[in-house]
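These notes are about the structure you will find just below.
The values are calculated or read from the model by the stated rules, or taken from the named source; none is laboratory data. Quick caveat, the model's predicted, so the values are computed rather than measured. Ideal geometry is used to build each Cβ from the backbone, glycine not excepted, and the neighbour counts take in all protein chains shown. What goes into the accessible areas is simple: the full protein's heavy atoms, side chains included, and nothing from ligands, DNA or RNA. Shrake-Rupley method; radii C 1.70, N 1.55, O 1.52, S 1.80 Å.
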Amino acid sequence: MHTAYLSLGSNLEPGRHLPAAVQALRARFGELLVSPCYRFPAVGYNGPDFLNAAAALRTDLDAHALNAWLHALEDAHGRDRSGPRYSDRTLDIDIVLFGDLVAEGPGPATAAGTTPVLRVPRDELRHAFVLKPLADIAPDARHPVSQDTIAALWAAHPDHDVAFERVALG
């Protein structure tokens, strides 16, 4: 079994898509640790704020299979991949950490014919919208390259002292 840490986000109907994603993750993987949800400004473009959370789960899937499953879940929630990289999202779920795995590359094609690229650890670990929720549920998890804990990475982040709005969902 592997421990995977996920980043979840949405800025298009997040009150609908994020709770549904958590429900789908619980239905497939069982026990799930979920952080509080926070409001963050869009990164890389002008758009509505995102609601972001983190989740931890245990899985027998390898990282590529989990990534493909998450990709399909995003697609089921109307994720549009035709636009620019930085754009509005109904649902965005990324594997941030997967045990001590360090990997980058395409996985197998999904049923929708897309080939999700796996990047673990995610570059987004440098952003508050990933670090803050992840630090809430996995402060002792370690970055597999730097070996820094998530708590240490968050403590060193320039936005560490910002009071991000906590948002209750459903």
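Only residues that are out of contact with any His (no Cβ under 8 Å at 6 or more places or on another chain), among the aliphatic types (A, V, I, L, M) and open to solvent by 20 Å² or more (accessible area, probe 1.4 Å) were counted across the stretch 43-67, and they come to 1. Residues in the stretch 19-30 that are open to solvent by 10 Å² or more (accessible area, probe 1.4 Å) and in contact with a strand residue (DSSP E or B) (Cβ under 7 Å, 6 or more places away or on another chain): how many? Residues meeting the conditions: 3.
Only one of the numbered conditions (1) among the aliphatic types (A, V, I, L, M); (2) over 22 Å from residue 26 (Cα atoms); (3) in contact (Cβ under 8 Å) with a residue 60 or more places away in the chain is violated by residue 152, and that is (3). Residues of the stretch 31-52 that are of a type in the set (D, E, K, R) and at pLDDT below 95: 31, 49.
Hey, any hits in the stretch 81-93 for a residue that's touching a strand residue (DSSP E or B) at 6+ places or on another chain (Cβ under 7 Å), within 27 Å of residue 166 (Cα to Cα) and modelled with pLDDT under 90? The answer is yes; a qualifying residue exists. One residue stands out among those in the stretch 113-148 that are in a strand (DSSP E or B) and open to solvent by 30 Å² or more (accessible area, probe 1.4 Å): the one that is modelled with the lowest pLDDT, which is 117. Of the numbered criteria (1) open to solvent by 10 Å² or more (accessible area, probe 1.4 Å); (2) closer than 16 Å to residue 134 by Cβ, the one residue 40 fails is (1).
Matching residues to (1) touching a residue at least 12 places away in the same chain (Cβ under 8 Å); (2) part of a loop (DSSP other than H, G, I, E, B); (3) under 25 Å from residue 135 (Cβ atoms):
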residue	(1), (2), (3)
44	yes, yes, yes
55	yes, no, yes
64	yes, no, no
70	yes, no, yes
75	yes, no, no
82	no, yes, no
87	yes, yes, no
90	yes, yes, no
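Within the stretch 4-14, the presence of at least one residue that is part of a helix (DSSP H, G or I) and open to solvent by 10 Å² or more (accessible area, probe 1.4 Å) is confirmed.
The set of residues from the stretch 95-107 being of a type outside the set (Gly, Ala, Ser) and open to solvent by less than 30 Å² (accessible area, probe 1.4 Å) comprises 95, 96, 97, 98.
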